[in-house]
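Only one structure is covered here, and it is reproduced in the block below.
The values are calculated or read from the model by the stated rules, or taken from the named source; none is laboratory data. Keep in mind that this is a model prediction, so the values were computed, not measured. Glycine gets a Cβ as well: all are built from the backbone with ideal geometry, and neighbour counts include every protein chain shown.
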Amino acid sequence: MSFKALSQPIDFDEVNALSQLSGSVAEHKARRDEELKQIIEGKDQRILLLIGPCSAHDEDAVLEYATRLAKLQEKVKDKIFMVPRVYTNKPRTNGDGYKGLLHQPNPEGKVNLIQGIGAVRQLHNRVITETGLTTADEMLYPENLEFIDDLVSYIAIGARSVEDQQHRFVASGIDQPTGMKNPTSGNLRVLFNSLHAAQHQQEFIHNGIEVESSSNPLAHVVLRGGLNEYGENIPNYHYEDLMKVIGFYQKEKYKNPFIVIDTNHDNSGKQYKEQIRIVKETLENRNWNRDIKQLVRGFMIESYLVDGRQDADGKVFGQSITDPCLGWEASERLVDFIAEHA
């Protein structure tokens, strides 16, 4: 076994000099980041809406989507705080398939991670600079966090990553709100073990250096459903599921209890239109139970310009090439519904 070097050692300072935020844009991001922190801490009761495509494979389409989203954000700003999903890494169950903008700046082109880093930074920068919305991304590779942590406002830890100690420990040193998804099994004990690790100081090796993390009090849970041993979907957004999660939070006194419902993935069985029903059911549960209303204050919705999905070589502008997404018209109606009923 061996590894073949495909590039020279990466200079982090050189990479991070690309697409930096400065001046009024950097100040605007800092203000948005403080608003988001206030929401996670419960000082601002608006709904957090993490919304956007499954994977950001087309810069122009992502910018078009974010531009529309910014106009919608202004309309519902008193009730909803939106953070567009600009997910530039795509986890693959067996390692095959499109792995995201970081790997392939062109979905039909060759893998080039060095070019990919520049493309990722440019995309996050453009969304912030051109729309005023700050962004979310998934930390699929902990060692890559330094390439984007100055540009993003929210970090997600995926279902396949949340059981990994390196992801948990790196999450404990992240300054941004960090959503820890339940594992693919749906096991809540595993989820809260991960949350415990992220909310405490840790010592470990990170990018070749011994470090001590600060702890991340803004880490919180994201419920995305699970799969049983027969490959059947086990949703975890129903009333009884939410009460179980609240019980975990209350038993062990975690900081800033906050729950985000991922309306796609194993909660919907990747039936993207089901996201509408799941949101509506959750809002009904919030109105029925005070504890649910207090803790369940976020949604993660997979949404793009065009309904559904296409293959990676497809040419439909603004349609996902990974998981199917809710199209723009339905997404806009759903956001209006959340604002009216939250």
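Observations, loosely collected:
- Test set (1) out of contact with any strand residue (DSSP E or B) (no Cβ under 8 Å at 6 or more places or on another chain); (2) surrounded by 10 or more Cβ atoms within 10 Å (Cβ to Cβ); (3) at pLDDT 95 or above - residue 23 fails condition number: (2)
- Under the condition of being touching an Asp or Glu at 6+ places or on another chain (Cβ under 8 Å) and over 23 Å from residue 255 (Cβ atoms), the residues counted in region 1-50 number 4.
- Criterion violated by residue 55 - all others in (1) of a type outside the set (A, V, I, L, M, F, W, C); (2) crowded, with 22+ Cβ neighbours inside 10 Å; (3) over 24 Å from residue 263 (Cβ atoms) satisfied: (3)
Conditions (1) surrounded by 14 or more Cβ atoms within 10 Å (Cβ to Cβ); (2) of a type outside the set (Asp, Glu); (3) closer than 21 Å to residue 285 by Cβ, marked per residue:
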site	(1), (2), (3)
198	yes, yes, no
208	no, yes, no
214	no, yes, no
219	yes, yes, no
225	yes, yes, yes
230	no, yes, no
233	yes, yes, yes
245	yes, yes, yes
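- Among the residues of this structure, residue 55 does not count as one that is part of a helix (DSSP H, G or I) and among the hydroxyl-bearing types (Ser, Thr, Tyr).
- The condition (being surrounded by 17 or more Cβ atoms within 10 Å (Cβ to Cβ) and in contact with a strand residue (DSSP E or B) (Cβ under 6 Å, 6 or more places away or on another chain)) is satisfied by just one residue among 83, 76, 62: 83.
- Residue pairs whose Cβ atoms lie under 6 Å apart, sitting 6 or more positions apart in sequence or on different chains, and linking a residue in region 290-309 that is free of Cβ contacts under 8 Å to residues at least 12 places away in the same chain to a partner that is part of a helix (DSSP H, G or I), are 293/286.
- In region 303-310 there is at least one residue matching the filter, namely being within 20 Å of residue 47 (Cβ to Cβ), modelled with pLDDT of 95 or more and touching a strand residue (DSSP E or B) at 6+ places or on another chain (Cβ under 9 Å).
- Residue that is nearest to residue 240 (Cα to Cα), among those in region 264-285 that are in contact with a Lys or Arg (Cβ under 9 Å, 6 or more places away or on another chain) and buried (at least 21 other Cβ atoms within 10 Å of the Cβ): 267
- Selected residue (criterion: nearest to the chain's Cα centre (by Cα)) from residues of region 286-295 that are within 16 Å of residue 241 (Cβ to Cβ) and not β-branched (Val, Ile, Thr): 295
- Test: residue in region 141-148 that is part of a strand (DSSP E or B), aromatic (Phe, Trp, Tyr) and within 16 Å of the chain's Cα centre (by Cα): no
- Of 318, 298, 327, all but one fail to be surrounded by 15 or more Cβ atoms within 10 Å (Cβ to Cβ) and at positive phi; the exception is 318.
- Filtered by the rule that a residue be surrounded by fewer than 24 Cβ atoms within 10 Å (Cβ to Cβ) and over 27 Å from residue 20 (Cα atoms), region 167-195 gives 183, 184, 185, 186, 187, 188, 189, 190, 192, 193.
- Applying the condition of being farther than 28 Å from residue 103 by Cβ and in a loop (DSSP other than H, G, I, E, B) to region 1-52 and asking which residue is farthest from the chain's Cα centre (by Cα) yields 22.
- Neighbours by Cβ (under 9 Å, 6+ apart or cross-chain): first from region 246-275, without any contact (Cβ under 8 Å) to a residue 40 or more places away in the chain and within 22 Å of residue 154 (Cβ to Cβ); second assigned to a loop (DSSP other than H, G, I, E, B) and of a type in the set (S, T, N, Q): 261/236
- Checked against the criteria, residue 170 does not count as within 17 Å of residue 262 (Cα to Cα) and of a type in the set (A, V, I, L, M, F, W, C).
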